[in-house]
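Quick notes on the structure that follows.
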Amino acid sequence: MSDRQEQIAENLAAVRADIAAAARAAGRDPSEVSLIAVTKTYPASDVRILAGLGVRDVGENRDQEAAPKARQTAGLGLRWHFIGQLQTNKASSVAEYADFVHSVDRARLVAALSRGAVRYDKELTCLVQVDLGNAEPMDDNAARGGAFPDQVPELADAIAAAPGLRFGGLMAVAPLGAEPGPAFERLHTLAMRLRTAHPSATMISAGMSGDLGEAVAAGATHVRIGSAILGIRR
């Protein structure tokens, strides 16, 4: 095993242990929480290492990086999660390789992803990204984005009705400068309300390297972890 493989294996084991501990502390079964390894800025070789260590869910936030990486790692049985802000003109490209899009925040994007899914004859699971109070940009000056809570039911209905799309649930990023726990609790409450109309929409995508414990405690089903596994981004 190379030094890089050993480093990733150690980090991955620690993250999995943290997720399991957070789940048990919240009275949950650790199997209820899925890990999405976020590989943005890291090469396809790291994705192959992760696949060899049993990771199946991989997240990316930029199409120009994700598309070639997905091609380079085809055949590894990976599920690709697009988690970044998405322009409508990139929707068709993302629909080709992604299995999940976590960042749907407007009706025009629903329509564009639907056209892409139909074009590639696939079902694309889409989550509505909820704005929990973010007004500042995140890394690389990209807005965190998200629909306001009162806009979510209409977007959920639009996804569920769109050809080629399946409404999977909700995603959010914790607000900057605020405790993440209460925000994730609001996300969970909104997700539970939506299940009356969409009982199969069970995904709650929340939590990153710095706040996975709070997210798991609040009911997250998927956590998006990058730097804790692959190191501080270059």
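Computed about its Cα centre, the charge dipole of region 175-234 is approximately 260 debye, with only Lys, Arg, Asp and Glu carrying charge at their Cβ.
Counting every C-alpha pair in the chain, the share spaced more than 22 angstrom apart comes to 50%.
Counted residue by residue at 0.36 nm each, then reduced by the alpha carbon distance between them, the extension gain from A9 to S93 reaches 27.1 nm. G219 sits among other residues whose Cβ lies under 14 Å from its own Cβ, and their net charge, with Lys and Arg +1 and Asp and Glu -1, is -1.
When the Gaussian network model of the chain links Cα atoms closer than 10 Å, the mean-square fluctuations of A172, A37, A111 top out at A111.
Rg and Dmax, both from the Cα atoms of region 23-129 and both in Å, are 14.5, 44. If only the Cβ of Lys and Arg carry +1 and only the Cβ of Asp and Glu carry -1, the dipole of region 77-234 around its Cα centre is close to 440 debye.
Toward the positive end of the charge dipole of region 144-229, with +1 on the Cβ of Lys and Arg and -1 on the Cβ of Asp and Glu, the farthest Cα among Q151, A162, L190 is that of A162.
Placing a label point 7 Å from the Cα of A74 along the Cα-to-Cβ direction, the residues of region 103-123 whose backbone N falls under 19 Å of that point are 116-123.
Label-to-label distance for T189 and A44 is 4.6 nm, based on points extended 7 Å past Cα in the beta-carbon direction. Helix content alone sets the calculated 222 nm mean residue ellipticity of the chain: runs of n ≥ 4 DSSP H residues at -39500 (n - 2.57) each, divided across all residues, give -12500 deg cm²/dmol. Of the GluC sites (Glu not before Pro) in region 1-99, not one is in a loop by DSSP (not H, G, I, E or B) with at most 16 other beta carbons within 10 Å.
Simple spin-label estimate for T202 and A107 gives 3.1 nm between the two label positions (7 Å along the Cα-to-Cβ direction from each Cα). Among beta bridges identified by DSSP and lying wholly in the chain, the antiparallel ones come to about 5 percent. Farthest toward the positive end of the dipole of the chain, out of M203, A25, L124, is the Cα of L124, where the dipole comes from beta carbon charges about the Cα centre. The figure for L124 is an accessible area of roughly 0 square angstrom, using a 1.4 Å probe on the protein chains alone. Of all beta bridges that DSSP places with both ends in region 57-167, some 5 percent have antiparallel geometry.
The values are calculated or read from the model by the stated rules, or taken from the named source; none is laboratory data. Keep in mind it's a predicted model, so treat the numbers as computed, not measured. Neighbour counts run over all protein chains shown; Cβ positions are idealised from the backbone, glycine included. Heads up: the accessible areas ignore ligands, DNA and RNA and are worked out on the full protein's heavy atoms, side chains in. Shrake-Rupley method; radii C 1.70, N 1.55, O 1.52, S 1.80 Å.
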